[in-house]
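Heads up: the structure comes next, in structure tokens.
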Amino acid sequence: MGIIQYGDDPVTEFSLKQFSSSKDLKPAISKIVQKGGLSNVGKALSYINKHFFSDANGNRGGAPNVAVVLVDGWPTDKVEEASRLARESGINIFFVTIEGPDENEKQNVVETNFVDKAVCRTNGYFSLPITSWFALRNAVQPLVKSVCDTDRLVCSKTCLNANDIAFVIDGSSSVGTGNFRTVLQFVANVTQEFEISDTDTRVGIVQYTYEQRLEFAFGQHNNKADLLNAIKRINYWSGGTSTGAAITFAADQLFSKSKPNKRKIMIVITDGRSYDDVRAPALAVHRKGVIAYSIGIAWAAQDELEYIATDPDRDHSFFVDEFDNLYNYVPKIIHNICNEFNSQPRN
């Protein structure tokens, strides 16, 4: 653990890696000198997000990031935007508020409901209102209990570390060897953006023609380097185009083994009209909670791309006229995946 003191500006009193035992930590806490100044909580949260939880400061990849913010009265700046960015970085924000504003003082509050705008979730689990400084000791045990229940630290999950992603790739004869390598590079570029491990985002790939082949399952490659190498090694198959059967195959072989706490995402890449029906298989995976993206190239059928994609189509369905233009859509897909994740209700 570490401590940041904030007033007008935040300052690190000590970083996460400075003390490794409570015996050394306690005297260091008692030597902290009060800064004074305003109560710029928004600035402090922004500082935490940009500087405090870095690898250089001792942040450990597997451990949840928790910020316990003590506020006397109310913040003197806005917290909403800084808090949102911190949550999107995977920081679980708890607020301990001491002696909140009375009726006469409420007109001075910069942001009403500042606690709900800041904490990880608005369900009461992440906020501890304390009536006075004397009662602060009563918050210790409830706070420790909450922080230690890592299953409830839901803000550890971000749009980049909480997915099972299935790529369903068209390997039909019309694609050709060179274009197939371009598709694999596109898949690698999308994958590159995610945090890959057995507990973070996992990736599986199905290649299809008339038939389907599981190239690898979720969790088979649990670090990014191995995963990117495995993508590179996929061999082009060649054959017909049965996209509907491939979607059903991905549901059976991949999503049936998905972890319950993961978002299920399917990205279908095809360059032509399917020989079979795509509507029923797509509807079936949508009903199982799979978020489906469709990417059509060249001769892909617009109506099928829209059937495959989760609504609204404009956010989940894309068309490019040639394979080399696939790369342009990597940022858009990542942005849409994250946008959808971050717009979930926070109650």
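The values are calculated or read from the model by the stated rules, or taken from the named source; none is laboratory data. Small disclaimer: the values here were computed from a predicted structure and weren't measured. Positions of Cβ are backbone-derived with ideal geometry, glycine not excepted, and every protein chain shown enters the neighbour counts. The protein model used for the area step is the full one, side chains on, heavy atoms only, and it has no ligands, DNA or RNA in it. Shrake-Rupley method; radii C 1.70, N 1.55, O 1.52, S 1.80 Å.
Before moving on, here are some points about what is shown:
- L25 accessible area, 1.4 Å probe, all protein chains in place, Å² to nearest 10: 20 Å²
- 19 Å reach of a label modelled at D149, 7 Å along Cα-to-Cβ, counting backbone N of the range 59-86: 64-69
- Scanning residues 5 or more positions from V69 or on other chains, those with amide H under 5 Å from its amide H are F94, F95, V96, with H placed 1.01 Å from N in the peptide plane.
- Whole-Hz Karplus values for the range 37-44 come out as x, 6, 10, 7, 5, x, 4, 5 Hz, taken residue by residue from phi with 6.51 cos²θ - 1.76 cosθ + 1.60 and θ = phi - 60°; glycine and proline positions read x.
- Shape of the range 3-152, Cα gyration tensor, a/c cut at 1.5: rounded
- Computed from phi, the 3J(HN,Hα) profile of the range 107-121 under the Karplus parametrisation 6.51, -1.76, 1.60 (θ = phi - 60°) reads 5, 8, 6, 5, 10, 5, 6, 4, 5, 5, 6, 9, 5, 4, 9 Hz, with x in place of Gly and Pro.
- The long axis of helix 243-253 is offset from the longest Cα principal axis of the chain by roughly 50 degrees.
- Straight-distance crosslink candidates among lysines, where the alpha carbon sits under 28 Å from K26 and sequence neighbours closer than 8 are dropped: K17, K35, K43, K50, K145
- Over the range 198-347, accessible surface divided per residue gives 47 Å², non-protein components excluded, 1.4 Å probe.
- Computed from label points 7 Å out along Cα-Cβ, the spacing between Q5 and K31 is 1.3 nm.
- Sites listed here are trypsin sites (Lys or Arg not before Pro) in the range 135-243 whose DSSP assignment is loop and whose Cβ has at most 10 other Cβ atoms within 10 Å: R233.
- Amide hydrogen neighbours beyond the local backbone of S317, cut-off 5 Å, H modeled: S294
- Take the range 3-152 with all the other protein chains still there, run a 1.4 Å probe, and you get 58 Å² of accessible area per residue.
- One chain, two ends: K17 and K332. Fully extended at 0.36 nm per residue, the span grows by 109.7 nm beyond their Cα-Cα distance.
- For T122, the residues 5 or more places off, or on other chains, whose built amide H falls under 5 Å of its own are N347.
- Candidate values [x] 22.0; [y] 20.7; [z] 22.6 were compared with Kirkwood radius over Cα pairs in Å computed on the shown model; the agreeing label is [z].
- Karplus-based coupling profile of the range 225-239, in residue order and whole Hz: 4, 4, 5, 5, 5, 5, 4, 4, 7, 5, 8, 5, 9, 6, x, with θ = phi - 60° in 6.51 cos²θ - 1.76 cosθ + 1.60 and x standing for Gly or Pro.
- All other residues whose Cβ lies under 15 angstrom from that of F19 are scored, Lys and Arg at +1 and Asp and Glu at -1, for a net of +3.
- Dipole magnitude for the chain: computed about the Cα centre from +1 point charges on Lys and Arg Cβ and -1 point charges on Asp and Glu Cβ, it is near 1200 debye.
- Carbon/sulfur fraction of accessible area - the chain, other protein chains in place, 1.4 Å, %: 49 percent
- Difference of contour (0.36 nm per residue) and Cα-Cα distance, S174 to V110: 17.0 nm
- Mean separation of Cα contacts under 8 Å (6+ apart) over length of the chain, as relative contact order %: 12 percent
- Spin-label proximity, K232 to the range 176-195 - amide N less than 20 Å from point 7 Å beyond Cα toward beta carbon: 177-195
- Fraction of C-alpha pairs exceeding 16 angstrom in the range 212-269: 54 percent, rounded to a whole number.
- Taking the chain as a whole, the Cys residues whose C-beta sits 4.7 Å or farther from every other Cys C-beta are C148.
- The range 2-122 - percent relative contact order, Cα under 8 Å, separation 6 or more: 24 percent
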